[in-house]
1. Based on this model, can you work out whether Tyr201 counts as under 30 Å from Thr271 (Cα atoms), crowded, with 16+ Cβ neighbours inside 10 Å, among the hydroxyl-bearing types (Ser, Thr, Tyr) and in contact (Cβ under 8 Å) with a residue 12 or more places away in the chain?
2. Give the range 294-317 a look and list any residue that's part of a strand (DSSP E or B), farther than 11 Å from Ile367 by Cα and over 51 Å from the mean Cα position of the chain (by Cα), or say none.
3. For a quick check of your reading of the model, give me the residue pairs whose first member lies in the range 141-160 and is at positive phi and surrounded by fewer than 18 Cβ atoms within 10 Å (Cβ to Cβ), whose second is at pLDDT below 95 and assigned to a loop (DSSP other than H, G, I, E, B), with beta-carbon atoms closer than 7 Å and at least 6 apart or on different chains.
4. Is there a residue being in a loop (DSSP other than H, G, I, E, B), at positive phi and exposed (fewer than 14 other Cβ atoms within 10 Å of the Cβ) anywhere in the range 65-74?
5. Tell me which residues, restricted to the range 360-375, are modelled with pLDDT of 95 or more and under 27 Å from Ile304 (Cβ atoms).
6. For the range 182-212, give me each residue that is farther than 13 Å from Pro165 by Cβ and either of a type in the set (A, V, I, L, M, F, W, C) or under 19 Å from the mean Cα position of the chain (by Cα) (or both).
7. Every residue in the range 228-259 that is in contact with a Pro (Cβ under 7 Å, 6 or more places away or on another chain) and in a loop (DSSP other than H, G, I, E, B), please.
Amino acid sequence: SVLLVAIAKTGNDPRYDIPLDTAIPVIGGSAASHLLAYSANGQGDSATGTSVPLVDRHVPVQGPVAVNFQDTNYQHGKVGGQATITRASSESDVTDYALYWGTSANNSLLYIAILPKATSPLAYTFASGADFPATATHLLAFTMNADGIQNSRPAAVAVHDRGLPEEPAISVQFVDGDMGVGEISGIVTIERAVDEALITYYAVYYAQGPSGPLGSFVGSVAANGQNVTVLIPADTRPPVGYGYLHVRTANADGFMATGVSCPIVDRIVPTHTATSIDFYDQNVVLDQLGGLITVSPASDETLITRYGIYFADVWKQALVLIVELPQGMAELNYTLPSMTRPAGAQYLLVLTGSADGFMANGLTALIEDRAVPQE
């Protein structure tokens, strides 16, 4: 035997705490198997004593090589999928593997499961929709046996809690600024979602209906806590049959399953001008005009709902609207009441128009201001 400690009597039961990491002595070629206790005085130890078996408890020395996990559940705060553990290089002192949620690669938070080392494959499946602790950041794997869990660094993997956006944009609006038939352009205005916590950007698509199916991609814009916009450039032709703009909230994990839409209203102006415009001034006072304006309709009135007659400047640009006349008349006649000729007016201009506006260019007639001498 080898003396471990001598304890002076105190009148109480003797007690001794063996320091941590004390080596078990080797006696006669074998590790000590018992602890022996004797009473003693200055003359020596008692001939007999008491003993207790020495059970050397030890947890596994080696931990798992690795643990891998990828969340397959796309609801924030929930997980699903399989965690796979790569076994310790030596399992001689291992009976089981333990899984924990952790707040870092070293600190465990919440117990998940114990897997016997005989489990094959060495994996644990989370039911889809299992709770993901709010403060968890990692999945940890330990080796263990009947004496406890390893106390060295565990295998760890950072967990990305996949989660699709759960809030749509409030609304989307678009007004076509391209007056060509079948072409659009302008600003898509997106009213931000109430809660953008899971949203990193807004994606705009063409759609066949208010809810889809979706067509080609239009554009995207980062969420920034404000209402946002996407520009559709001039002369853009939407895909045939896709009469809506549809907005989905999105992040790195994907898109929300539903969104908001608005119809695409293709604003157009006519492409045909009136056939002719004539005016004969019947007011013979200088700089005073009055008389019949006659307009012959366009040869093709398919897109025309109205005609606008204007005074125009020397560059044939509209100055002052005189009158709007509805489409559908064989002759578009208007009697201009006697009036002072507007400053800069050199022409009469007729523009064909629709509910969305007038053509940029039209047909003109030079104003001949008839006047007789006043003296």
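The values are calculated or read from the model by the stated rules, or taken from the named source; none is laboratory data. Just so you know, these numbers come straight off a predicted model, no measurement behind them. Backbone-built Cβ (ideal geometry, glycine too); neighbour counts: all protein chains shown.
1. no
2. Thr294, Val295, Ser296
3. Partner pairs satisfying both residue conditions: Gly148/Val59.
4. So far as the range 65-74 goes, no, none of its residues is in a loop (DSSP other than H, G, I, E, B), at positive phi and exposed (fewer than 14 other Cβ atoms within 10 Å of the Cβ).
5. Scanning the range 360-375 gives Gly362, Leu363, Thr364, Ala365, Leu366, Ile367.
6. Result: Ile184, Ile187, Val188, Thr189, Ile190, Glu191, Val204, Tyr205, Tyr206, Ala207, Ser211, Gly212.
7. Residues satisfying the conditions are Gly243, Met256, Thr258, Gly259.
Listed here are the residues, each with its yes/no results for (1) hydrophobic (A, V, I, L, M, F, W, C); (2) surrounded by fewer than 19 Cβ atoms within 10 Å (Cβ to Cβ); (3) touching a helix residue (DSSP H, G or I) at 6+ places or on another chain (Cβ under 8 Å).
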site	(1), (2), (3)
Gly308	no, no, no
Trp315	yes, yes, no
Pro337	no, yes, no
Ile367	yes, yes, no
